[in-house]
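Student: Next up is a structure, given as structure tokens.
The values are calculated or read from the model by the stated rules, or taken from the named source; none is laboratory data. Just so it is clear, the structure is predicted and the values come from calculations on it, not from any experiment. Don't worry about glycine lacking a Cβ; one is built from the backbone with ideal geometry, like all the others, and counts go over all protein chains shown. Side chains included, ligands, DNA and RNA excluded: accessible areas come from the protein's heavy atoms. Shrake-Rupley method; radii C 1.70, N 1.55, O 1.52, S 1.80 Å.
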Amino acid sequence: MIIKERLEPAEWAAELETLAGEFRESAMLLKALGNEMRQRLILTMIQHADGLGTGMRVGDIAAEMNLSRPAASHHLKILKDCGLLVVRTEGTKNFYYFNRGAPAVSSLLKMLSHAQRLMESAPEESL
């Protein structure tokens, strides 16, 4: 959506309502990304990515991050629930890897872009 330099009050209110909805859509991912341990987990998974999408097992992640398996599983579940990770099961083994087409990431980027455009077009006195 392109935002004009000056919006009419009704247009401004509609844009803010749309942005509020985008915030709600992104809340789960923002909460997941706001935790330092999950940030470290993401960095660890990126560092160990082989480009083939084979993923990492919970035990490997726990060992790499010096976490208990239950703690690693907890953080992986949150990242999986928000759509950032997917799991592939082979027999009794679970491999976690990034969901490259994660809709949550696209929604977050859209929301941030929309917020930036609104902030840039806000009247000076409203800041």
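Student: Being within 15 Å of Ala104 (Cα to Cα), without any contact (Cβ under 8 Å) to a residue 40 or more places away in the chain and open to solvent by 60 Å² or more (accessible area, probe 1.4 Å) is the filter here; which residues of region 7-33 pass it?
Tutor: Arg24
Student: Can you find even one residue in region 84-95 that is in a loop (DSSP other than H, G, I, E, B) and in contact (Cβ under 8 Å) with a residue 40 or more places away in the chain?
Tutor: Yes: one or more hits.
Student: Which residues, counting only those in region 43-58, are in contact with a strand residue (DSSP E or B) (Cβ under 7 Å, 6 or more places away or on another chain) and in contact (Cβ under 8 Å) with a residue 24 or more places away in the chain?
Tutor: Met45, Gly53, Thr54, Gly55, Met56, Arg57, Val58
Student: Name the residue that is nearest to Leu43 (Cα to Cα), counting only residues in region 59-77 that are free of Cβ contacts under 8 Å to residues at least 40 places away in the same chain and under 20 Å from the mean Cα position of the chain (by Cα).
Tutor: Filtering region 59-77 for residues that are free of Cβ contacts under 8 Å to residues at least 40 places away in the same chain and under 20 Å from the mean Cα position of the chain (by Cα), the one nearest to Leu43 (Cα to Cα) comes out as Ile61.
Student: Consider Asp81 against the criteria (1) in contact with a helix residue (DSSP H, G or I) (Cβ under 8 Å, 6 or more places away or on another chain); (2) surrounded by 15 or more Cβ atoms within 10 Å (Cβ to Cβ): it satisfies all of them except one. Which criterion is unmet?
Tutor: If we test Asp81 against (1) in contact with a helix residue (DSSP H, G or I) (Cβ under 8 Å, 6 or more places away or on another chain); (2) surrounded by 15 or more Cβ atoms within 10 Å (Cβ to Cβ), just (2) comes out false.
Student: If you scan region 1-44, which residues turn out to be outside any helix (DSSP H, G or I) and modelled with pLDDT under 90?
Tutor: Met1, Ile2, Ile3, Lys4, Glu5, Arg6, Leu7, Glu8
Student: Checking Asn99 against (1) polar (S, T, N, Q); (2) on the phi > 0 side of the Ramachandran plot; (3) open to solvent by less than 60 Å² (accessible area, probe 1.4 Å), only one condition comes out false. Which one?
Tutor: Failing condition for Asn99: (2).
Student: Next up: Looking at (1) assigned to a helix (DSSP H, G or I); (2) surrounded by fewer than 17 Cβ atoms within 10 Å (Cβ to Cβ), which is the one condition that is false for Asp50?
Tutor: Failing condition for Asp50: (1).
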